[in-house]
There are 2 protein chains.
Amino acid sequence: METRNIRVGVVGLGLMGSSIVASLLIAGHDVVAISPLPDELDASANRIQSHLSHIEASGLLNGSKEGYREHFTLSADYRQLADCGLVLECVTEVSEIKKSVYRQIEGNIHPEAIIATNTSAIPISVLQKSLRHPERFLGAHWAEPSYLTRFMEITCGEKTVLKHAEWLFELAHEWGKEPTLLKKDLRGFVTNRLMYAVYREAFHLEKEGVASFEDMDKAFRYDAGSWMTLMGVFRRMDFTGLSDYEEIFKNVFPKLCNDKEIPGIMQIMVRDKAKGTQNLHGLYSYTEEEARKWDEAFARFNTDIYKLAAQYPLNKLI
Amino acid sequence: METRNIRVGVVGLGLMGSSIVASLLIAGHDVVAISPLPDELDASANRIQSHLSHIEASGLLNGSKEGYREHFTLSADYRQLADCGLVLECVTEVSEIKKSVYRQIEGNIHPEAIIATNTSAIPISVLQKSLRHPERFLGAHWAEPSYLTRFMEITCGEKTVLKHAEWLFELAHEWGKEPTLLKKDLRGFVTNRLMYAVYREAFHLEKEGVASFEDMDKAFRYDAGSWMTLMGVFRRMDFTGLSDYEEIFKNVFPKLCNDKEIPGIMQIMVRDKAKGTQNLHGLYSYTEEEARKWDEAFARFNTDIYKLAAQYPLNKLI
């Protein structure tokens with residue numbers, strides 16, 4: 001199946017779905033955006049426009065914002081998906097809702113069209129069970145904001161036919177991604193999975209009074225942050241000479257935290273309904289002014305780091 | 001003790017020590033640089049000049065390179081340390097050598113002068129045992145290149161008097177650092193410790209065939225790398241709403257790797273004397289051309305990310 005010029009459907013137009021619509025439009029696709037929820041459908045038109053404005057302000061827009069209108073259909077009607085070669089599902093992380101959405105999608109698309117879910121919580125192999133054609137179903141996990149991140153995790157379920165994943169892998173490069181292709185379904189996805197190993201150790205160190213949240217954030221901002229975006233984990237090891245690690249692994253691995261339990265402070269956060277910057281109460285506390293500053297800083301930083309990373313493409317280094 | 005205008009000694013002028021000398025000079029200190037090794041002493045003069053040239057090229061130099069000459073003493077003679085208020089030890093990671101260096105330093109400085117070690121391998125509490133005045137001894141762990149990183153880990157040993165650590169913590173801010181102050185000695189330091197948790201999980205995922213080194217490097221470069229330098233670990237959790245993590249911790253913590261053993265591939269690397277980009281053989285393999293490109297890219301990226309991070313100082317966000 002060809003990749004360029006296919007029509008792409010997006011089902012579910014919340015924060016992530018709307019941002020993905022904008023990404024696909026600037027990548028040159030005709031996009032059919034579907035939400036069965038009237039409120040979400042109403043809100044999404046503005047959200048998508050606002051993303052296109054942000055993309056324009058970041059200097060990443062080819063052509064004019066208005067030019068995308070003719071390539072864009074917004075609807076509550078699944079039948080509009082009829083000519084799509086690919087449909088991205090971005091609805092809420094509830095299995096039963098996703099399953100009913102898949103029935104609607106499968107009832108309206110060609111048998112050979114691909115369906116990809118943006119889930120980061122439910123295993124692909126589990127969702128796949130409810131599909132009539134599970135072999136054409138896979139995960140395509142985007143990072144936010146989707147048009148300012150090169151990350152994309154393409155994940156096969158047990159029944160996914162690999163060639164479909166490879167096709168999407170190729171297509172994702174045309175969207176400006178540097179995708180990863182996981183041939184086995186993984187609970188937690190790669191970055192998340194690796195970050196959970198960090199969380200487990202970090203909450204342990206805080207509980208033991210060794211380091212504060214602030215200390216660990218500084219360490220990651222200024223130390224890991226100074227090479228992470230260029231090298232990742234393993235190339236960094238190679239770059240620092242590699243040979244010292246064995247001895248340190250031998251000393252440190254036995255000391256790392258192996259807890260299975262949820263850290264006590266996270267239980268307190270849940271009890272207190274803490275939602276971080278969203279309700280000013282989290283692992284840190286925030287004033288409204290501070291929460292707004294973090295929002296603004298993140299929006300600006302994302303553009304900056306995206307442009308910086310673009311100066312160091314992997315294919316110029318290997 | 002006042003912080004500004006104190007004379008600072010640096011003992012050990014290898015790669016790290018030379019770079020630290022340059023950092024202290026541009027921070028405005030008189031610096032006494034000591035190496036008892038004739039070859040190292042010879043090489044260090046050029047190294048320090050080369051660092052100052054790099055600092056100048058990065059636009060971070062106040063005044064002229066030549067102006068620093070009168071603030072700089074290079075010697076094999078420990079007696080030159082007599083008037084230093086702080087001495088930074090940067091010699092090789094061998095306890096016996098460090099102990100003999102501490103004897104030389106303590107024999108030549110004022111009783112109230114502070115001694116800090118740049119070790120990342122030996123616990124402060126262990127090194128401290130060999131000192132006549134252990135209360136004035138602590139860890140000050142720099143990241144490389146020392147003048148282009150805000151990271152510094154100040155670590156107390158069991159016998160360190162906290163006020164000395166607090167004094168150094170204050171001084172480090174004048175060097176442009178955002179230091180962390182660890183009141184308890186930790187095997188592996190904070191970033192390293194958290195990264196070892198990543199390594200353990202990452203080697204496990206590779207062994208299980210879930211994700212390749214390349215996949216995981218991409219995930220860290222483009223996903224974690226897109227927020228790490230701005231937020232660190234815990235603020236990122238707050239920023240993403242915090243409340244979903246408990247459920248995911250509950251699911252994922254029991255699945256994380258708890259191995260104590262060194263990963264098989266690391267044992268192979270050690271057997272094969274792999275030193276990464278340094279001898280073109282590591283977790284990846286490299287041509288000479290590629291290794292050179294990574295060197296150049298890292299030098300350039302460091303300056304870029306340092307300047308980018310400087311646009312998001314923590315005190316403007318909280």
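Every read-out reported here was derived from the displayed coordinates using simple, explicitly stated rules and does not represent laboratory data. Fair warning: this is a prediction, and the values are worked out from it, not measured in the lab. With ideal geometry, Cβ positions are generated from the backbone for all residues, glycine too; neighbour counts draw on all protein chains shown.
Worth pointing out:
- Across the copies of the chain, residue B:65 has label points (7 Å from Cα along Cα→Cβ) spaced 4.8 nm apart, shortest distance listed first.
- Comparing B:135, B:208, B:247 in a Gaussian network model of chain B where C-alpha atoms under 10 Å apart are linked, the largest mean-square fluctuation is found at B:247.
- The separation of segment B:62-117 from segment B:127-177, counted between C-alpha centres, amounts to 14 Å.
- With both residues required to sit in segment A:111-181, DSSP beta bridges show an antiparallel share near 50%.
- Antiparallel bridges, percent of DSSP beta bridges restricted to the protein assembly as shown (to nearest 5): 25 percent
- Length-normalised contact order of chain B in % [C-alpha pairs under 8 Å, at least 6 apart]: 12 percent
- Highest GNM mean-square fluctuation among A:285, A:95, A:130, for chain A modelled with Cα contacts below 10 Å: A:285.
- Kirkwood-Stokes translational diffusion coefficient of segment B:8-182, alpha-carbon pairs, 20 °C, 1.002 mPa s, µm²/s: 134 µm²/s
- Cα-centred dipole magnitude for chain A, charges only on beta-carbon of K, R (+1) and D, E (-1), debye, nearest 20: 580 debye
- Applying the criteria of a DSSP loop state and at most 16 other Cβ atoms within 10 Å to the trypsin sites (Lys or Arg not before Pro) of segment B:1-61 yields B:4.
- A straight Cα-to-Cα reach below 15 Å connects residue B:177 with the aspartates and glutamates A:214, A:215, A:217, A:223, B:144, B:153, B:166, residues fewer than 8 places away in its own chain not being considered.
- Over the protein assembly as shown, DSSP H runs of length four or greater, each weighted -39,500 (n - 2.57), average out per residue to a 222 nm ellipticity of -13500 deg cm²/dmol.
- GNM remark for chain A: springs join alpha carbons under 10 Å apart, and the peak mean-square fluctuation among A:56, A:40, A:214 falls on A:214.
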